[in-house]
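Asker: Quick one: this structure, given as structure tokens, is what I'll be asking you about.
Read-outs throughout are calculated quantities, based only on the coordinates presented, and are distinct from any laboratory measurement. The structure displayed is predicted, hence computed values, not measured ones. Cβ sites come from the backbone with ideal geometry, for glycine too, and all protein chains shown count toward neighbours.
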Amino acid sequence: MLVFVLSVSVAIFANADYTENTSKDYPQDRINPDQINVYDNKFSVEGLKNTRFVKLKNAQSMYPVLAEGSHVIETTDFTKDSLKVGDIVSFQNGDLFIIHRVIEIGNDKNGWYVVTKGDNNSVADGKVRFEQLKGVVVAIVY
């Protein structure tokens, strides 16, 4: 069981109104309401596997959904088949770790890929291969 001791608001992904320059595809729900327990001084999410809590250093490309200093919870428990357009994923590109939204999923001569884009970026990142993916964002803690 994953337990957090926080006194903050938590945005477990639900459909929200994003700015006009972003994808209208939303992250899929990966946490059912019956998995969430809220108490006076903490909340817990049951049943999540292989999760980590990440503080973002620079998130301008995902503004306004994410900003510098935002905290996200991501899972490393995902497969190619579990990813959908609209999901927010982290991936490695050289020495950089990037968190962007999936805008396309496909296959080419080199195999399976996703195309990602920051919500606040005008240009997509290009093809990201499965082995580059590090996690899927399941919650944002504001």
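Asker: Past 19 Å, Cα to Cα, is the threshold; run Lys80/Lys127; Lys84/Lys117; Lys57/Lys84 against it and keep the listed order. Before the final figure, lay out each step's value.
Answerer: Numbers: Lys80/Lys127 14 Å; Lys84/Lys117 14 Å; Lys57/Lys84 26 Å.
Exceeds cut-off: Lys57/Lys84.
Asker: Assuming 0.36 nm per residue, please report the length gained on full extension of the stretch Lys84 to Asn32 beyond their Cα-Cα distance.
Answerer: Additional length available on full extension: 17.0 nm.
Asker: Please report, in debye to the nearest 20, how large the charge dipole of the range 92-142 is about its Cα centre when each Lys and Arg carries +1 at its beta carbon and each Asp and Glu carries -1 there.
Answerer: Rounded to the nearest 20 debye, it is 80 debye.
Asker: If R₀ is 35 angstrom, what is the calculated FRET efficiency for the pair Ser61 and Lys109, using the beta carbon separation as r and rounding to 0.05? Intermediate results must be reported in sequence, preceding the final value.
Answerer: Working: r = 29 Å, r/R0 = 0.82.
In this case the efficiency is close to 0.75.
Asker: Here's another thing I want to ask about it. Around Arg101, what is the net charge, scoring Lys/Arg as +1 and Asp/Glu as -1 over all other residues with Cβ under 9 Å from its Cβ?
Answerer: -2
Asker: Shifting gears a bit: What is the calculated FRET efficiency for Gln132 to Asn41, with r their C-beta to C-beta distance and R₀ = 41 Å, to the nearest 0.05?
Answerer: Rounded to the nearest 0.05, the efficiency is 0.60.
Asker: Related question: So the label point goes 7 Å from the Cα of Ser122 along Cα→C-beta, right? Which residues of the range 42-77 then have their backbone N under 17 Å from it?
Answerer: 61-63
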